[in-house]
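Okay, structure first, notes after.
The values are calculated or read from the model by the stated rules, or taken from the named source; none is laboratory data. Please read all numbers here as calculations on a predicted model, not as lab measurements. Neighbour counts are summed over all protein chains in view; Cβ atoms, including those assigned to glycine, are modelled from backbone coordinates with ideal geometry. We work out accessible area using only protein heavy atoms, side chains counted, and drop any ligands, DNA or RNA first. Shrake-Rupley method; radii C 1.70, N 1.55, O 1.52, S 1.80 Å.
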Amino acid sequence: LVDLVVAERAPLFLAGDVYDGDWHDYSTGRFFVRQMDRLNDEGIRVFMVAGNHDAASEITRSLRLPSNVTVMDTTQPQSVVDDDLGLAVHGQGFATRAVVRNLATAFPARIPGVVNVGLLHTSVDGAEGHASYAPCRVEDLTARGYDYFALGHVHQRRVLAEGEHAVAYSGNLQGRHPRESGAKGAWLVDLDLKAGVHLEFRALDVARWAVVEVRADTCGRLDEVLGEVEQRLRAALADAEGRPVVARVVFTGRTPVACELMDTVRVKEEVDRIAANLGIAVEKVDVQVSPPITPELDDDDLRAAVLAAAMALMNDPGRVQTHLRDLDTEIGLPLREAELLNLGDPETRRSLAAQAATSLAAQLAAVVA
């Protein structure tokens, strides 16, 4: 990111969560300060607000940043005008971790004659999957009349408004787990009072997470499914543009190969072999397939009854607990302590029963076939 800023001679806007909560690794802070010093030597300004994680961080309070870095006020919206850049920046950071009031509505109106940029850590319109901190609506942001509103908090890049008053999340710079898959980086924003706003995404991540879904319903043999795996993994590698790839492979669909795919140990070995040949690391293989029959459609009364019983058990975690009681007594505690599996959790029991029912159905379908 710093290399990009130096190359473009552009001011840098950081919309919060530079640090990760109460994590006590000061080497992260020292690295950040060194990079800000580099920008200071280049004469490049940095504007930043504190996010919910920064507000909880001891590092935030203990670091001294160089004079080119402006950390916006946390008690009220602050406006900073840089006449040399023809720029007005408006922002407010988090004083505490859980800011639950709408900060956007208190931001001032645009300053005429200069480019206006807003900077806010916020949950816009609910932001699914993220805590509702400093919640607001897109309309609250565009109503300020700024040329661009840079947002933090949501880790997925999203453009919420385009045109005269652009609003966007840049997402984070590096995906940290499979839920943060795809390219990660920053927006390079071209702002001009006459030409308007142009957003260009620049990928800056050093490794790429990929969730590779393989639909097995069009495949009649395991070899065909594995061929699809190789094809999808090659595509993920090409999309990463030379970056290391860590993939989660998910099998879905109703397929006659369901029974073979339920042999997860074998399938994981096969997927690992394919991935290793391509230079890809596999984080997990997730099998979510089902056989091409259901109890309702099958005319074999005994098999239909067995499947129906399995499905009923899946929806009754209390009965599952009875069957798992001895297992929980033997190995439940070490599984929980290692954070591998909580057999006392109803959702875990329901998931295990669902996997067992699907596996049973697949095996019965294979016998019939």
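Please verify whether the stretch 53-60 includes one or more residues that are at pLDDT 95 or above and β-branched (Val, Ile, Thr). Walk me through it before giving the result.
In the first step, residues of the stretch 53-60 are kept if they are at pLDDT 95 or above; the result is none.
Checked the stretch 53-60: no residue is at pLDDT 95 or above and β-branched (Val, Ile, Thr).
Looking for whichever is at pLDDT 80 or above and more than 29 Å from the chain's Cα centre (by Cα) here; the options are LEU360, LEU324, LEU333. Which one fits?
Details: LEU360 fails: at pLDDT 80 or above; LEU324 fails: at pLDDT 80 or above.
When all the criteria are applied, what remains is LEU333.
If you take the residues in the stretch 125-181 that are at positive phi and open to solvent by 40 Å² or more (accessible area, probe 1.4 Å), which one is nearest to the chain's Cα centre (by Cα)?
Only one residue fits best here, namely GLY129.
Of all residues in the stretch 221-250, how many are farther than 17 Å from LYS268 by Cβ and either polar (S, T, N, Q) or touching a residue at least 60 places away in the same chain (Cβ under 8 Å) (or both)?
Residues meeting the conditions: 1.
Being modelled with pLDDT of 90 or more and open to solvent by less than 20 Å² (accessible area, probe 1.4 Å) is the filter here; which residues of the stretch 258-279 pass it?
Of everything in the stretch 258-279, those that are modelled with pLDDT of 90 or more and open to solvent by less than 20 Å² (accessible area, probe 1.4 Å) turn out to be LEU261, VAL267, VAL271, ILE274, ALA275.
Evaluate the stretch 188-206: report whether one residue or more is touching a helix residue (DSSP H, G or I) at 6+ places or on another chain (Cβ under 8 Å), closer than 16 Å to VAL117 by Cα and not in a helix (DSSP H, G or I). I'd like the intermediate steps shown before the answer.
To start, the set of residues in the stretch 188-206 that are touching a helix residue (DSSP H, G or I) at 6+ places or on another chain (Cβ under 8 Å) comprises 188, 202, 204.
Keeping just the survivors that are closer than 16 Å to VAL117 by Cα gives 188.
When the remaining residues are screened for being not in a helix (DSSP H, G or I), the result is 188.
Checking the stretch 188-206: at least one residue is touching a helix residue (DSSP H, G or I) at 6+ places or on another chain (Cβ under 8 Å), closer than 16 Å to VAL117 by Cα and not in a helix (DSSP H, G or I).
Scan SER62, SER67 and give me the residue that is surrounded by fewer than 15 Cβ atoms within 10 Å (Cβ to Cβ) and either over 30 Å from GLU200 (Cβ atoms) or under 29 Å from the mean Cα position of the chain (by Cα) (or both). Full working, then the answer.
Values: SER67 fails: either over 30 Å from GLU200 (Cβ atoms) or under 29 Å from the mean Cα position of the chain (by Cα) (or both).
Just a single option satisfies the conditions, and that option is SER62.
What number of residues within the stretch 226-242 satisfy the criterion of being within 17 Å of ALA281 (Cα to Cα) and open to solvent by less than 40 Å² (accessible area, probe 1.4 Å)?
Total satisfying the criteria: 5.
What are the pairs with Cβ atoms under 9 angstrom where one residue, in the stretch 303-324, is within 14 Å of LEU360 (Cβ to Cβ) and the other, located anywhere, is at pLDDT 75 or above and of a type in the set (Val, Ile, Thr)? Sequence gap at least six, or different chains.
Here the result reads LEU313/VAL320; MET314/VAL320, each pair linking the stretch 303-324 to a residue that is at pLDDT 75 or above and of a type in the set (Val, Ile, Thr).
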